[in-house]
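Below is one structure; the comments refer to it alone.
The values are calculated or read from the model by the stated rules, or taken from the named source; none is laboratory data. Keep in mind that this is a model prediction, so the values were computed, not measured. So basically every Cβ, Gly included, is an ideal-geometry build from the backbone, and we count neighbours across all protein chains shown.
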Amino acid sequence: MLVLVILLILCIIFGLPLFLGILAAAMLGFLATDVPFGAIPIEIFRLANTPILLAIPLFTFAGYLLAQGGTSTRLVNFSRALFGWFPGGLGVVALVSCAFFTAITGATGITIIALGGLLFPALLSDHYSEDFSLGLMTTSGSLGLHFPPSLPIILYGFISGTSIEELFMAGILPGTLMVGILCLFSVYMGRKWRITRRGFSAHAFRSALRGAAWELPIPVLILGGIYSGFCTATEAAALTVAYVLLIKTLVFREISILKELPGIMKESMQMVGGIMIILGAALAFTNYLVDALIPMKILAVMGELVETRVGFLMILNLFLLLVGCMMDIFSAILVVVPLIVPLADRFGVDPVHLGIIFLANLAIGYNTPPVGLNLFIASSRFDQPVVRLYKATLPFLLLLLFTLLLITYWPGLSLFLPHLMSS
C-alpha cells in the first residue's frame, strides 16, 4: 500500500490530472478500509441529482457569453466616467471593472486576459509605473470572488451545507473592503506621482451609463430575485442566461445564434465538465475521509495544539494561503472544506463567516509567490518574467493580507448583512 501511495504522489507531481489523482486516492483509501468501490458511482449519482448544482453550468454559460463582444469595454468606460476624475482614478477604474467582471464571469484568468489588453496599456499611457500596473492587473483578477453570482460561493455552499443566499450577502462587505483598500492605495499613488486627472463630465457619464445599462444590473437582479422570494439561486441562474442571451443577440447583436453560440456553449460546458469530474472524484474522496474519521483525528490533534479561537484562525489562514497557492479554487473547496468545517465548528466559528474567510484566503493565494495561479497567467499575458510579478504584486499582496486579518477577526463584517436580512 505504501508503494502505491508513493507512486500516486509521484504521478501527481509529474502531471497526473487532478481528478484522476483525487479518484485514485479515494480508491486507495477504500481498498485499505475494505469499502467497496461501488461507493464512488453512488456519490456521482448523488451529485447528478443535486438541484442546486444546476446553477454552476448556467452561471458559467452566462459568464462566457458576457466575455464575448464589448461588455468589458462598456464596463471600463462606465467605471472611467464614474471614477476617472479621482487622483489615480484609472487604477480605481481597473480595480472596479475587474472585480465586477470576475463576479459575473466566475474566473480570474478570463478577467486578466480579457481586460489586461485594454487596461494595462491605458495605465502605462497615463504614466503609471510599469511595476504598479503589473501588480494592479494581476491582483485585481481575483477581487470579485465574494460578489454574486460567484461560482465559488455556490460550490462552497453546496459542499459545506451553508446557505448560498446568506453567503451571497455575507460576501458583499468583505469584497467591497478588499476592493476599497486597493482603490485607496491607487488614489494615494496617483497623488504621489501627480497623475493628470480628467475632469468629471456629466455628458460622458450619461453616455457610458447608457452603454452599460444592460449589464450593470445583473448582480442586483440576481440578489433581488433571490431575496424577494421570486426565484431560487438555480432559477436566478436560468433567468440570467435568458437575459444575457437576449442582450447579446438582440440588443447588441454581438453574438450570432447560428455561427458563434454553439462554440461558446461548447467551450463553457467543457469548463463545467472539468469541474463536475473533479467534484465527483472529490465527493468519493470525502466519503473515504469521513468513513476513516480523518476530520475527527485532525480535530483531536488541533485540540492538543491550539486552545483558542484566535490561534485556530491564525493557523487556518496560513494553511489556506498555502492551499490557494497550490490548488485552483474549485479543487480546494472540494478537498479542503469537508476537513475544516468540523474544526471551525469546534472553535465556534460561524459557518457563513468561515466561507468568507475561505474565499478571501484563496483569492489572495492566487497572487501569492511562488506558484500563485494569477502570477503565471499575468506573466504570459503581459510577456513578463514571473519573478518580476512577485515584486510587482508585493504591495498589493500586503494590503490584501491586512484586509484578510480584518475579515478573519471581525465577524460582524461578514455577518451583518445576513443577520439584517433575516431579522
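With (1) over 21 Å from residue 103 (Cβ atoms); (2) in contact with a Leu (Cβ under 7 Å, 6 or more places away or on another chain); (3) of a type in the set (A, V, I, L, M, F, W, C) as the list, and residue 352 as the residue in question, which single condition is left unmet?
Exception for residue 352: condition (1).
Of the residues that make up segment 185-195, is at least one under 26 Å from residue 337 (Cβ atoms), of a type in the set (Ser, Thr, Tyr) and in contact with a helix residue (DSSP H, G or I) (Cβ under 7 Å, 6 or more places away or on another chain)?
So far as segment 185-195 goes, no, none of its residues is under 26 Å from residue 337 (Cβ atoms), of a type in the set (Ser, Thr, Tyr) and in contact with a helix residue (DSSP H, G or I) (Cβ under 7 Å, 6 or more places away or on another chain).
Go through segment 303-331 and give me each residue that's surrounded by 14 or more Cβ atoms within 10 Å (Cβ to Cβ) and either among the charged types (D, E, K, R) or not in a helix (DSSP H, G or I) (or both).
306, 309, 327, 328 - these are the residues of segment 303-331 that are surrounded by 14 or more Cβ atoms within 10 Å (Cβ to Cβ) and either among the charged types (D, E, K, R) or not in a helix (DSSP H, G or I) (or both).
Condition first: in contact (Cβ under 8 Å) with a residue 60 or more places away in the chain and not acidic (Asp, Glu). Now tell me which residues in segment 244-273 satisfy that.
Those that are in contact (Cβ under 8 Å) with a residue 60 or more places away in the chain and not acidic (Asp, Glu): 244, 245, 248, 252, 255, 264, 265, 268, 269, 271, 272.
Residue 139 - would you say it is within 30 Å of residue 405 (Cβ to Cβ) and within 15 Å of the chain's Cα centre (by Cα)?
yes
Restricting to segment 176-230, count the residues that are among the charged types (D, E, K, R) and within 19 Å of residue 105 (Cα to Cα).
Residues that pass the stated criteria total 1.
Quickly run through segment 258-273 and pick out the residues that are surrounded by fewer than 16 Cβ atoms within 10 Å (Cβ to Cβ) and in contact with a helix residue (DSSP H, G or I) (Cβ under 8 Å, 6 or more places away or on another chain).
265, 267, 269
State whether the residues of segment 248-257 include one that is of a type in the set (A, V, I, L, M), crowded, with 17+ Cβ neighbours inside 10 Å and over 28 Å from residue 171 (Cα atoms). Working first, answer last.
Applying the first criterion (of a type in the set (A, V, I, L, M)) to segment 248-257 yields 250-251, 255, 257.
Now narrow it down to the ones that are crowded, with 17+ Cβ neighbours inside 10 Å: 255.
Add one more test, that the residue is over 28 Å from residue 171 (Cα atoms), and what stays is 255.
The answer is yes, given that some residue of segment 248-257 is of a type in the set (A, V, I, L, M), crowded, with 17+ Cβ neighbours inside 10 Å and over 28 Å from residue 171 (Cα atoms).
Condition check ((1) hydrophobic (A, V, I, L, M, F, W, C); (2) within 19 Å of residue 414 (Cβ to Cβ)) across all residues:
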position: 317; (1), (2): no, yes
position: 320; (1), (2): yes, yes
position: 330; (1), (2): yes, no
position: 337; (1), (2): yes, yes
position: 353; (1), (2): no, yes
position: 363; (1), (2): yes, yes
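Within segment 376-395, can you find the residues that are surrounded by 24 or more Cβ atoms within 10 Å (Cβ to Cβ) and either under 17 Å from the mean Cα position of the chain (by Cα) or free of Cβ contacts under 8 Å to residues at least 12 places away in the same chain (or both)? Give the derivation first.
Here is the first cut: in segment 376-395, the residues surrounded by 24 or more Cβ atoms within 10 Å (Cβ to Cβ) are 378, 389, 392-393.
Residue satisfying the conditions is 378 alone.
Being of a type outside the set (Gly, Ala, Ser), touching a Phe, Trp or Tyr at 6+ places or on another chain (Cβ under 6 Å) and within 30 Å of residue 134 (Cα to Cα) is the filter here; which residues of segment 343-371 pass it?
Passing the criteria: only 369.
Please enumerate the residues belonging to segment 35-84 that are touching a Gly at 6+ places or on another chain (Cβ under 7 Å) and either closer than 18 Å to residue 285 by Cα or at pLDDT below 80 (or both).
43, 44, 47
Would you confirm, using the coordinates I've provided, whether residue 333 is more than 17 Å from the chain's Cα centre (by Cα), modelled with pLDDT of 80 or more and under 30 Å from residue 20 (Cβ atoms)?
No: the conditions fail for residue 333.
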